[in-house]
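Every read-out reported here was derived from the displayed coordinates using simple, explicitly stated rules and does not represent laboratory data. The model shown is predicted, which means the values in this text are computed figures rather than measured ones. Cβ placement follows ideal geometry from the backbone for every residue including glycine, while neighbour counts extend to all protein chains displayed.
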Amino acid sequence: MGETLSPLWLLHWYGYILQLMAMENYSEALKLLEEGGRLYIPSDLRYLFERFNELLLRLDEELNETDALLTEAYNLMETYRLGKLREKLEEASISLGRANITLIELMEALDELSRRIGVYSAPPGSEVRIYYERLRGLIDEIREIWRRYLELLKEVAGESSLLVGEAILPEIIEEETLPTLRSTSLSLYLNQTHVFVGRFVEAYGLLESEGNPLPNRTIQILLEDRIISRSETNSSGWFSIRFRVPYIYVDKLRCRAVFIPIGEDVGIYSANESDVVEINLIFYRVSVDVSHSNEGYPGRLFNITGRVSTEEGVGVSSLDVAAYLAGVKSTARSGDDGRFNLSLQIPEDTAVGSYILTIESQPSDVYAPGKYSASIDVTRAKLSLEV
């Protein structure tokens, strides 16, 4: 997919998966889903993508399990092996109930994902809108499979009850349709947006639905595409969490809060995410300045002197420094004023030629990694004869 996300391609790919599920080819759908980890997805969409994939995977497993349980239950009834029949029907009913909830969540997730990739802003009749409608149609087909499983469950339970003389499955799951979701709003604030790496930030915000607070809900805090912390809303709908900024030496990190309905909230409240808040990271970039010969000789030491310092020229002590040349590694720790010395023993059997000398300082707290490289000619020492 390259470096940009094609909404049409993504909808087309999901269409293949849903088509396989609609054909009850659950194993092939699972294989295609597992390939999703290799797709390029922008970081701001990854949590939605992973959520949609998770729901598809769950639905695939639940429908596959229901199909197998109903087949087993039917065979048990046909051969009058009634001992395990009640157990299998109960398991099928539970699995079918879970699949119903997953279908509701899947429709909600599809709407959210489609909104974010620009489906609703595409003109009517466009390829993107056509493929989106095809996806909804395929989910409707899967819903029909669910209804067929439900009717089969009722049929087997009914006939089995006649055989044993009592209701073998008194309570059978009924279909729940997708309701109109209540909109939610989610805010996010940080106590500071310029912070040293490794230090703590306080995040807080408010979760509401139609002006009413939503207490006791889980809020996920994301940095880029990674969930770094979770928090629960209080009785007023507010949440707060203290998290450590990771040791990532980049200029900015994007932070956002995410609410995904779970449990009884599924099918009632819409998922939502806050506006992005950028965190400007503070750290010291490290320069590696070295002095060495431009030539090396097999079997001899290659000596290096150097200094690690900030961009302002301040030496940094106690940094681990490593040098690599011709398959040999040497390590040292910077001393006062950031100075260090390294020696590499070039192997006797090293072939004559050009090699890359690499010297790296390891990151440490607020100091970013530093790197230096140069080309070194490994040659044979010249012999001098005196007559």
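Listed by chain and number, the aspartates and glutamates whose alpha-carbon sits under 18 Å from that of residue 84, ignoring those within fewer than 8 places in the same chain, are 65, 67, 72, 155, 159, 166, 171. Between the beta carbons of residue 305 and residue 375, assuming R0 = 25 Å, the FRET efficiency works out to 0.85 to the nearest 0.05.
For the chain, the relative contact order is 11 percent, taking Cα pairs closer than 8 Å that sit 6 or more residues apart in sequence and dividing their mean separation by the residue count.
Label-to-label distance for residue 61 and residue 226 is 2.5 nm, based on points extended 7 Å past Cα in the beta-carbon direction.
For the range 249-387, the alpha-carbon radius of gyration amounts to 1.70 times the rule-of-thumb value 2.2 N^0.38 Å expected for a compact globular protein. Given R0 = 45 Å, the distance between the Cβ atoms of residue 354 and residue 285 translates into a calculated FRET efficiency of 0.95. Remark: the range 351-366, residue by residue, has Karplus-estimated 3J(HN,Hα) of 6, 5, x, 9, 10, 9, 8, 10, 10, 10, 9, 7, x, 8, 6, 8 Hz, where x stands for each Gly or Pro and the curve is 6.51 cos²θ - 1.76 cosθ + 1.60 at θ = phi - 60°. Run down the aspartates and glutamates and flag those whose C-alpha is under 14 Å from the C-alpha of residue 31, throwing out any fewer than 8 positions away in its chain. Within the straight-line limit of under 14 Å, residue 31 reaches these aspartates and glutamates: 54, 60, 61.
Label positions at residue 147 and residue 268, each projected 7 Å from the Cα along the C-beta direction, are separated by 2.7 nm. For the chain, hydrophobic long helices are taken as DSSP H runs at least 27 Å long by C-alpha position along their axis with mean Kyte-Doolittle hydropathy of -0.5 or more; these are 43-78, 85-116, 127-164. Taking 0.36 nm per residue of sequence separation and removing the Cα-Cα distance, the residue 276/residue 339 pair yields an extension gain of 18.5 nm. The Kirkwood radius of the range 7-164, taken over pairs of alpha-carbon atoms, gives through the Stokes-Einstein law at 4 °C and 1.567 mPa s a diffusion coefficient of 77 µm² s⁻¹.
Based on DSSP H segments of at least four residues, each scored -39500 (n - 2.57), the chain has a per-residue ellipticity at 222 nm of -12000 deg cm²/dmol. Note on residue 79 and residue 31: with the Förster distance fixed at 30 Å, the Cβ-Cβ geometry gives a FRET efficiency of about 0.35. One equal scatterer on each Cα of the chain, no solvent, Debye formula: the resulting log10 I(q)/I(0) at q = 0.08, 0.11, 0.13 Å⁻¹ is -0.68, -0.93, -1.08. A convex hull fitted around the alpha carbon atoms of the range 185-282 yields 85 Å³ per residue. This ranking places 310, 193, 66 by how few other beta-carbon atoms lie within 10 Å of each, fewest first, which gives 193, 310, 66. Using a basic spin-label model with each label point 7 Å from the Cα along Cα→Cβ, how many nm lie between residue 133 and residue 314? Reported label-point gap for residue 133 and residue 314 is 6.4 nm.
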